[in-house]
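In what follows, a single structure is set out as structure tokens and then discussed.
The values are calculated or read from the model by the stated rules, or taken from the named source; none is laboratory data. Just so it is clear, the model here is predicted, and its values are computed rather than measured. For neighbour counting, all protein chains shown are included, and Cβ atoms are generated from backbone atoms with ideal geometry for every residue, glycine included.
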Amino acid sequence: MARAAIPGRLAWRVARLAEARQETETARTLVFDVPDWPGQTAGQHIDLRLTADDGYTAQRSYSLSAPDRVELTVQRIADGEVSPYLTDVIGLGDPVELRGPVGGWFVWRPGTERPVLLIAGGSGIAPLMAMIRARRRSGDGTPFTLLYSVRTPSDVYFADELRRPDHGLTVALVYTREAPDGWPRPPGRLAPADLAHLGLAGDCFVCGPTGFVEAAADLLVARGHDPRRIRTERFG
Amino acid sequence: MTARDTGTGYVDGNALAGPLGELFALVAMDVTAATGRCVNCGRTGPVAALAVYDRAPGMVARCPGCDHVMLRLVRTPDAAWLDLSGMVWLRVTTER
Amino acid sequence: MGIVSPGFHGRRRKSAAELPPGQYLTNDFPVLSAGPTPRMREDDWEFTVTTETGREHRWTWREFLDLPAETPTVDIHCVTKWSKLATEWEGVSLDALLADVETEADFALVHSYGGYTTNLPLADLVEGQAWIVHRYNGEELAPEHGGPARLLVPHLYFWKSAKWVHGIRLLTDDEPGFWESAGYHDYGDPWREQRYQGD
């Protein structure tokens, strides 16, 4: 019997690296050319597969950090297997395999008309950045607030873009290890005070390492946020 | 439908081709937004909120409330094994 | 085979002649887990063998430690394709635990704290082929590797070596365990590459 056909979006496609830029000392943003890419909803992710010349394969999931093109921002993990290849080795024109986009729960669509609170821990900014860009690109007037927790000032992804004025978007950074000179808040983990001034209405998207997401979601619920309006995505 | 007139009161599984095929197509579009109910504690929530253990021979999705196994997925070279016995139901929204 | 990404090698690995087919050598000790790690106090730990007639044989931690210890050095092979050579363990042979157990059973279903199960023929647990181990590499077995104690059956794929072992039920009919009921092989001989049902 013939093997069942897999719908196009879930089939593996060959993607070639088209652009790359260093995002921080340990993170790199990669843009891939993917023929017949079906497009995505902000917040979705892809599966990426690498094959070595002896047939060995490794597969990982990465969030898309753009609302339109296939852009990933990859953090190098010191003893990682896939991330060091993507941050240090792969060159322009080199192929990888991708499938997706996938995921329909941790997504934001323009026109939702509820204020949005985004909370990112470290590289958890990626899918939230896709939402920020989707909002800007569509001219949607929904108020957005981004609370972005990073270790030090040099760990901020998309730093220039987040500094540029974007009407209706408020960005607040939380530094956990080291803050810029004169920063009013001493370095430390996300705390109730960091959320005190935020509105309670609307949708919350929280993305980051598991421990960070649990802590942030607990803070939101303790503040009275409706748990059904909190969507989370954890990694690692 | 003539199959209903055979007097047995039931038809065979071929009748599921359309309805179940449609369901799996919807699941293929996105399973993470589907809602499931835990067979152990009755907690209900989206598939996206399950605790998934994937550093294992397969993927094991557990209830975030009671840790009961709600879903297992094993891929072999030529098959996929899906165990949903930990769910009372899986609700997939359709177009109205 | 998929499209090759030039310059991608993955983890350093070599497929040595002494390894079963499809396995790669690893030097670290990967932690695989299908659920949260149970944290068992040794005072609360108990190991039970239940025969097909319902007769129970029980050991507390103290009683278990009083049994003669052995120190097997064995190669282990995980179905996810890593193998690790010459791992050093300390524990009690199943021969010692089963010595006074009267049974006609042919099969065993091993069960663990946390709910994990795995099945294998009883014949593969005896004659110096299996241990309940509580020390690895000269140290107490860490919870993520199955401590306080795990089963060690090195001649089968490592998912049979149940972590956090709690007991063994002896059965006249084979009953599939956690992975065996979701596509994995009932026996799991790495040298015959019995990974999945039908292999």
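Points to keep in mind about this one:
- Checking A:T26 against (1) surrounded by fewer than 19 Cβ atoms within 10 Å (Cβ to Cβ); (2) within 14 Å of chain B (Cβ to nearest Cβ); (3) in contact (Cβ under 8 Å) with a residue 24 or more places away in the chain, the condition it does not meet: (2)
- The stretch C:179-193 residues that are more than 7 Å from every other protein chain (Cβ to nearest Cβ), paired with ones that are aliphatic (A, V, I, L, M) (beta carbon under 6 Å, 6 or more apart): C:G188/C:L156
- Screening A:L195 with (1) touching a Lys or Arg at 6+ places or on another chain (Cβ under 7 Å); (2) under 30 Å from B:D54 (Cα atoms); (3) not hydroxyl-bearing (S, T, Y) gives one miss only, at (2).
- On inspection, C:G35 fails the criterion of being surrounded by 12 or more Cβ atoms within 10 Å (Cβ to Cβ), in contact (Cβ under 8 Å) with a residue 12 or more places away in the chain, more than 8 Å from every other protein chain (Cβ to nearest Cβ) and in a loop (DSSP other than H, G, I, E, B).
- With a requirement of 1 or more residues that are surrounded by fewer than 18 Cβ atoms within 10 Å (Cβ to Cβ), the strands (runs of 3 or more DSSP E) lying completely within the stretch A:132-214 that satisfy it span A:169-175, A:203-209.
- Where a residue in the stretch C:131-149 is touching a residue at least 40 places away in the same chain (Cβ under 8 Å) and its partner, wherever it lies, is of a type in the set (V, I, T) and crowded, with 17+ Cβ neighbours inside 10 Å, with Cβ under 7 Å and at least six apart: C:W131/C:V92; C:I132/C:V92; C:I132/C:V165; C:P143/C:T37; C:E144/C:T37; C:A149/C:I132; C:A149/C:V133; C:A149/C:V165
- Taking (1) surrounded by 13 or more Cβ atoms within 10 Å (Cβ to Cβ); (2) in contact (Cβ under 8 Å) with a residue 24 or more places away in the chain; (3) out of contact with any Cys (no Cβ under 6 Å at 6 or more places or on another chain) in turn, B:T94 satisfies each apart from (1).
- C:P21 being at pLDDT below 95, within 22 Å of C:W179 (Cβ to Cβ) and more than 14 Å from chain A (Cβ to nearest Cβ): no
- When the stretch C:70-113 is filtered for residues that are at pLDDT 95 or above and within 14 Å of another protein chain (Cβ to nearest Cβ), the ones remaining, listed by number, are C:H77, C:C78, C:V79, C:S112, C:Y113.
- Among the residues of the stretch A:69-99, just one is under 18 Å from A:L10 (Cα atoms) and in contact with a helix residue (DSSP H, G or I) (Cβ under 7 Å, 6 or more places away or on another chain), namely A:R99.
- For A:A193, the criteria (1) among the hydrophobic types (A, V, I, L, M, F, W, C); (2) within 25 Å of A:R223 (Cβ to Cβ); (3) within 18 Å of the chain's Cα centre (by Cα) hold in every case but one, which is (3).
- Number of the condition not met by C:W82 [criteria: (1) in contact with a His (Cβ under 9 Å, 6 or more places away or on another chain); (2) crowded, with 17+ Cβ neighbours inside 10 Å]: (1)
- Restricted to strands (runs of 3 or more DSSP E) entirely inside the stretch A:56-110, those with at least 1 residues that are facing another protein chain (nearest Cβ under 9 Å) are A:57-63, A:95-102.
- Of the residues C:L152, C:L94, C:L98, the single one that is more than 16 Å from the chain's Cα centre (by Cα) and within 22 Å of C:T60 (Cβ to Cβ) is C:L98.
- The condition of being touching a helix residue (DSSP H, G or I) at 6+ places or on another chain (Cβ under 9 Å), modelled with pLDDT under 95, within 12 Å of chain A (Cβ to nearest Cβ) and surrounded by 15 or more Cβ atoms within 10 Å (Cβ to Cβ) holds for only one of B:A49, B:A28, B:A33, that being B:A33.
- Out of A:F205, A:F212, one residue alone is within 17 Å of the chain's Cα centre (by Cα) and over 26 Å from A:G111 (Cα atoms). It is A:F212.
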